[in-house]
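The values are calculated or read from the model by the stated rules, or taken from the named source; none is laboratory data. Remember, predicted model here, so these are calculated numbers, not experimental data. Because the Cβ atoms are built from the backbone with ideal geometry, glycine has one as well, and the counts that use them run over all protein chains shown. We work out accessible area using only protein heavy atoms, side chains counted, and drop any ligands, DNA or RNA first. Shrake-Rupley method; radii C 1.70, N 1.55, O 1.52, S 1.80 Å.
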Amino acid sequence: MTDKCQVLPKLIVGLGNPGTQYANTRDNVGVDFLQLLADDMHVTLQSESRFLGMSARGMLADHDVRLLFPTTFMNESGRSVAALCTFFKIAPEEILVVHDDLDLLPGHMKLKIGGGFAGHNGLKSIGACLGNNQNFMRLRIGIGMPPSRDVISWVLGRCAPSDREDIDEAYTCALQALKTLYTSGLQKATCAVNGFKPAQNN
């Protein structure tokens, strides 16, 4: 059972960029995972102009949860998150943001609460629009470092097939870990996520 004192996410945000040209890029692993989560919850993300994004609401492990994909482009993600949170009175501590992470190998993950933004523009925007609050939960999905210093081309590019396999494995683990978060608490969910390694990395 979960610790009753623990704050569980009422909103799960998947970061990425709108448009077919960005589909399946490294920068979009957050929203790609969000779409898989929506499918698993049997809900459909629908455009919500008042929230500057696409949202849905459903049950996750018997908890009422909202999903959000900000369609403002990555650098302005906070405007969308703040609009929805203000409307539904969701506190920063009740938000989980899923996003790409250069500092982790493809398919490796970390689940954490708070901390810095490590140069991630989507996280920076969210923190700023929430009143410089950093206390939201993050699910970091690794995309690896570029072989050159051209970070922009790397994050906006598509993964090699082997990296894509690793990330797809991570999605499967993360889906189960989120259910564990709601049923058994943060510690068990964190252990499952942080200890995961794709099959070809074992």
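Remark: the chain carries a charge dipole of roughly 460 debye about the Cα centre, counting +1 on each Lys and Arg Cβ and -1 on each Asp and Glu Cβ.
The computed mean projected area of the Cα convex hull in nm² for the structure shown corresponds, within [x] 12.9; [y] 18.5; [z] 10.6, to [z].
Over the chain, dividing the summed -39,500 (n - 2.57) contributions of all DSSP H runs of at least 4 residues by the number of residues returns a 222 nm mean residue ellipticity of -11000 deg cm²/dmol.
The smallest convex shape that holds all Cα atoms of segment 101-202, its convex hull, gives 106 Å³ per residue.
Based on the alpha-carbon gyration tensor of segment 119-176 and its eigenvalue square roots a ≥ b ≥ c, which shape applies: rounded if a/c is under 1.5, prolate if not and a/b is larger than b/c, or oblate? Oblate shape, in that a/c is at least 1.5 and b/c is the bigger or equal ratio.
Looking at the chain as a GNM with Cα springs under 10 Å, which of ASN28, ASN132, ASN75 has the largest mean-square fluctuation? Of the options given, ASN132 has the highest mean-square fluctuation. For segment 1-121, relative contact order (Cα pairs under 8 Å, six or more residues apart, normalised by length) works out to 32 percent. Just the protein heavy atoms count here, and of the accessible area of the chain at 1.4 Å, carbon and sulfur take up 52 percent. Compactness check for segment 46-142: Cα Rg over 2.2 N^0.38 Å is 1.05.
For the chain, relative contact order (Cα pairs under 8 Å, six or more residues apart, normalised by length) works out to 25 percent.
Surface analysis of segment 138-202 yields an accessible area of 52 Å² per residue, using protein heavy atoms and a 1.4 Å probe. Of all beta bridges that DSSP places with both ends in the chain, some 55 percent have antiparallel geometry.
A crude spin-label estimate for the pair ASP150 and CYS191, with each label 7 Å from Cα along the Cβ direction, gives 4.4 nm.
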